[in-house]
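A short worksheet on the structure shown next.
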């Protein structure tokens, strides 16, 4: 599993969460790094930059999928050439299908990925709202 982020400070967390390789997209072209590894079949894009997502498409293998689950603030603009000649596709989903959830859980078990849970307790009660 490969994680892509911007900045080296995210590398440790990515590896703690199960990534075998971390690519710092601020320091190198992530699509070229993926190509050097032989490309990938799937990219799960959770970021908020359409431009950054579009730049990853050439890193997909033939018939690879870019799955967009983050809502970018800008448009995802890309050339149709990598899509047409590689049979690549872009898929978007808010939650995914039930089989996607099942596959995700199976992958988590296979890769020994465990959740990070943080519980927050308010330091004080919120103010009571009273009618005027």
Scan 87, 92, 59 and give me the residue that is in contact with a helix residue (DSSP H, G or I) (Cβ under 8 Å, 6 or more places away or on another chain) and at pLDDT 85 or above. 59
State whether the residues of the range 12-28 include one that is surrounded by fewer than 15 Cβ atoms within 10 Å (Cβ to Cβ), modelled with pLDDT of 90 or more, part of a loop (DSSP other than H, G, I, E, B) and in contact with a helix residue (DSSP H, G or I) (Cβ under 9 Å, 6 or more places away or on another chain). yes
Please verify whether residue 74 is more than 14 Å from the chain's Cα centre (by Cα) and over 17 Å from residue 87 (Cα atoms), treating the condition exactly as stated. yes
What pairs come out if I take residues in the range 27-46 that are at positive phi and pair them with residues that are outside any helix (DSSP H, G or I) and buried (at least 17 other Cβ atoms within 10 Å of the Cβ) whose C-beta lies under 9 Å away, six or more apart or interchain? 39/60; 39/64
Residue 78: touching a helix residue (DSSP H, G or I) at 6+ places or on another chain (Cβ under 8 Å), surrounded by 15 or more Cβ atoms within 10 Å (Cβ to Cβ), assigned to a loop (DSSP other than H, G, I, E, B) and at pLDDT 90 or above, yes or no? yes
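The values are calculated or read from the model by the stated rules, or taken from the named source; none is laboratory data. Here the structure is a predicted model, which is why all the values come from computation and not from measurement. No Cβ is skipped: glycine too gets one built from the backbone with ideal geometry, and neighbour counts run over all protein chains shown.
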